[in-house]
Amino acid sequence: MRNKYKVYVLILLLAVIMVLLRHPNVVSASTSGITSDGTLTVDGQPFFPFGFYEVAWSPIPWNTNNYTVESDVETFTRVTNIKGVRLKIREANMAQDYFGIVEIEVNDGAGPNQATTATASATSLNSDPNHSPAELNDGRLTNDYASAYHPNLPEYVTLTWGSGKSFDKVTLKAWLCYTIAPSYYDVEVSVDGLTGWTKVASSDKMPAGKLSMDMNQLAADGFNFMHASADTGNGFNSSFVDDAGVKGIKLMPENINTIVKYDFLTQWKDKSGLLGWSICDDCDPYNNPSTVQSYKDAVRAIDPNHITYGAGVHYTYEPGYNVGSYVNILDAMGREMYPIGSSIPMNTVYAATKDTVDAYRVVGKPVFGIIQTFSWHSISPVGNPDPVLGRAPDPSELRNMTYQSLAAGAKGIIFFPYYFSPTHTMIPSDLYTETKAMVPEINALKPALMLGQRTEVATGNPDLRVTYWEYGGKVYVIAVNTSYDSVVNIPYYQPGGPGTTSAINASIPLPAGYQNAVVKSMFTRLPSTLSIGVNGKLSGTVGAEQVQVYELTPVGTSISLVTGKTLGSLQNGFTGEAGFNFTTANAARTVASLGRFFVSGNNGSHTVSLYKESDKSLVASCTVNMAMGTADEWGFKYCTLPAPVTLMANTAYDLVASETSGGDQYYHDDTTVTLGTGTPNFAIFKWNGSWYYDSTTSHSFGPVNLLYKDSSMLTGKTLGSVLNGFTGEVGFNFTTASAARTVTSLGRFFVNGNSGSHTLSLYKESDKSIVASCTVNMATGTADGLGFKYCTLSTPVPLLANTVYDLVASETSGGDQYYHDDTTVTLGTGTPNFAIFKWNGSWYYDSTTSHSFGPVNLLYY
């Protein structure tokens, strides 16, 4: 038995090794989905697609423009028992306002031309009988079929037979190719010659390997997404999907007909390179919603684990089918708007994206901005004969449109180039360079774009678009001026015409707690002319076509209510709200965030609520997504309140999180918590509208938590010269304002390279009695927005109103550098008096007000 067992184990190990050897680069399957707040996820984690459409076609490469007959040959998998074949003419060279075809041939391998036995017809007829559809298959190369003048493309030319035929090749022959020949068409077949037309080939051929080369280039340049036509003839096959997964590119295959016909759904649904399925490009106005629903149903029947996507061009208020027609069908919608080189103003990118975002946000679905990177003249020289007026965007316009889309709420960006790929010479290299420059910018912004609380700011000027996101204790601001300051290379019918306004004044209101925030321009290549004024608003001017992006960090720090915990047993068999009841200490506190403990594997959203115990009134509420962000040192993930709220002193509150039976796990009421201030009473839960209380103190379900927001005494500083040649205590002397405050933390300014520990002390000036003291380690933690690192007092201490105090830090000669007394400080409340230092037991005072060594700081409430 033992030997037999060993043989079985050996066989199993060999089998595993063989699998690994045969598939060295295959990455495990992934899934995509949408969170309740409309964020796209991959494997439960937020994903912001940033990449390109790769339209898998280009104009037929005709070579002459005379009466030399040229041929375009389309081969495909052999079809049998077919009574009809037609060419869907999608684009054509029409310098004379019509298109022409000399001959159509249909062959089965090397067999004879079967087209000559068919009956020819066309949807567009020329008034000249010498150019009728009969010329399409008469076997002669001396005459041609011609469409009507100004045909409404797409038009169809059709061959039908009385009996079924088999074939695998169609040839289109043309002359005067630059003037009247088709430039793009599909080959479709029908079993009965009347209905059920199916595309089997297209003139949209790519050079061998081009699609793969472009995907590899996108991956190398930091993009993460590609939307391409699903056509094995262009190299979009299983190996390509596998390679994309290895390279970190997520694919959105397009063309529902080929996806279904060639069973790509089954072949690709378990591949890591797949993001979802594009089931209707230009959904409106061509696709009946019921048809799109049938496409989605067909996809879902085989692959329920990836999103469906479509793109649209019409506002929700426009008649007929528009982007809003598919809001309850598609999982994600792309909004197209291509204004450059047309009569449409550039600022409509924001309006169009916002219109779509507003419609899809209601049902919790994301919208992707589709950004123009092509020239209208290059794709349709007949309709747009002027290469200047029909031009492509310049890099400034491309950047402007991208950030307009982000400001409007897009949760993905896809550049649309028509014939473009990174290695395609038809698109200016400066446009691709600009898209690459935005890769690190999107990477820096995408957590806030996906997870932050977004607020659109009413500027009163349709050319100035401002949006900010609150995320991770910071605010991120995008300001976009869509007006032009020059007519150079700008079509005269672009917004406003010649002499359009240049700089626009901005005065941007900020959320509570950010009126004294530290403002940092996020990207050095972008201009930064805004700052926070005395009115607490982000103010200044935004120049013509400018994009400005800022990160705002509030001064002060967040203090956790829960400072310790002992976790109990796990459960997830309850639907309701669960947490604990606590009583605040003897001082009011300001709450900025609410949190729920993160258990490994949690990926749902939970509403965390704070109630006043006495009357069960709701004090504050927000929703935390456990699939996003990182837990803090205590193990909690938080949501930021729309506005901070104040908790009354010596008052009981209920802090609870929503839970769902069978959903995320959380810890049972055998969990205990310790609070930094206040008293933990007992675990509580709410079920079917009633509240239930445990009898054991200090216990909690969840557990749950909240963050107090303490204010910084310093709100500004101007740093002087550095030194480190003194041993003693240095800082400054200040007088409090007319209200008492409670101090929670003391801080010292962090100078780059500091690594020592410093004792911070607060003395009462009148008698030099020590009020509070703690030690900060400059080698650990992160400085706040003003640049300070803090130590937390073991017990908060009160500051008396209208009282003078000394705040100092210990320094050692030759140790950490700090700033000299030529440094000035500004306080939010109270008065900065003068710099002070203590040496050999004696105190010394500078004579100039508002100066400080260090500088030093404290946090209070």
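The values are calculated or read from the model by the stated rules, or taken from the named source; none is laboratory data. All of these numbers come straight from a predicted model, not from anything done at the bench. Note: ideal-geometry Cβ built from the backbone for every residue, glycine included; neighbour counts use all protein chains shown.
So here's what we get for this one:
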read-out: Single condition Gly556 does not satisfy, out of (1) at pLDDT 95 or above; (2) touching a Lys or Arg at 6+ places or on another chain (Cβ under 7 Å); value: (1)
read-out: Members of segment 726-749 found to be assigned to a loop (DSSP other than H, G, I, E, B) and at pLDDT 95 or above, listed by number; value: Phe726, Thr727, Thr736
read-out: Pairs where the first residue, in segment 501-514, is closer than 17 Å to Met346 by Cβ and modelled with pLDDT under 80 and the second is crowded, with 20+ Cβ neighbours inside 10 Å and among the aliphatic types (A, V, I, L, M), C-beta under 7 Å, 6+ apart; value: Ala503/Val542
read-out: Segment 92-114, residues that are small (Gly, Ala, Ser) and surrounded by fewer than 21 Cβ atoms within 10 Å (Cβ to Cβ); value: Ala95, Gly109, Ala110, Gly111
read-out: From Gly841, Gly854, Gly814, residue being at positive phi and at pLDDT below 95; value: Gly841
read-out: Yes/no for Val191 being under 23 Å from Thr80 (Cα atoms), within 49 Å of the chain's Cα centre (by Cα), crowded, with 18+ Cβ neighbours inside 10 Å and of a type outside the set (Gly, Ala, Ser); value: no
read-out: Condition check for Thr826: surrounded by fewer than 18 Cβ atoms within 10 Å (Cβ to Cβ), in the same structural domain as Asn777 (by TED's automatic domain parsing), farther than 21 Å from Gly787 by Cα and in contact with a Pro (Cβ under 8 Å, 6 or more places away or on another chain); value: no
read-out: Flag for Tyr178 being closer than 18 Å to Trp62 by Cβ and assigned to a strand (DSSP E or B); value: no
read-out: Flag if Tyr53 is of a type in the set (Phe, Trp, Tyr), farther than 30 Å from Arg361 by Cα and at pLDDT 70 or above; value: no
read-out: Residues that are touching a strand residue (DSSP E or B) at 6+ places or on another chain (Cβ under 8 Å), within 23 Å of Ala228 (Cβ to Cβ) and not in a strand (DSSP E or B), drawn from segment 44-86; value: Phe47, Phe48, Pro49, Val55, Ala56, Trp57, Pro59, Ile60
read-out: Pairs with Cβ under 6 Å, 6+ apart, first in segment 123-150 and in the same structural domain as Ala181 (by TED's automatic domain parsing), second in a loop (DSSP other than H, G, I, E, B) and among the β-branched types (Val, Ile, Thr); value: Leu141/Val69; Leu141/Val102; Asp144/Val102
read-out: Residue that is surrounded by the fewest Cβ atoms within 10 Å (Cβ to Cβ) [pool: residues in segment 525-546 that are of a type in the set (A, V, I, L, M) and in a loop (DSSP other than H, G, I, E, B)]; value: Val534
read-out: Flag for Thr455 being in a strand (DSSP E or B), surrounded by fewer than 20 Cβ atoms within 10 Å (Cβ to Cβ) and modelled with pLDDT of 75 or more; value: yes
read-out: Residues located in segment 773-789, provided they are surrounded by fewer than 17 Cβ atoms within 10 Å (Cβ to Cβ), β-branched (Val, Ile, Thr) and part of a strand (DSSP E or B); value: Thr775
read-out: Breaking point among (1) within 28 Å of Lys411 (Cβ to Cβ); (2) crowded, with 23+ Cβ neighbours inside 10 Å; (3) among the polar types (S, T, N, Q), for Ser202; value: (1)
read-out: Flag if Ile89 is buried (at least 20 other Cβ atoms within 10 Å of the Cβ), hydrophobic (A, V, I, L, M, F, W, C) and part of a strand (DSSP E or B); value: yes
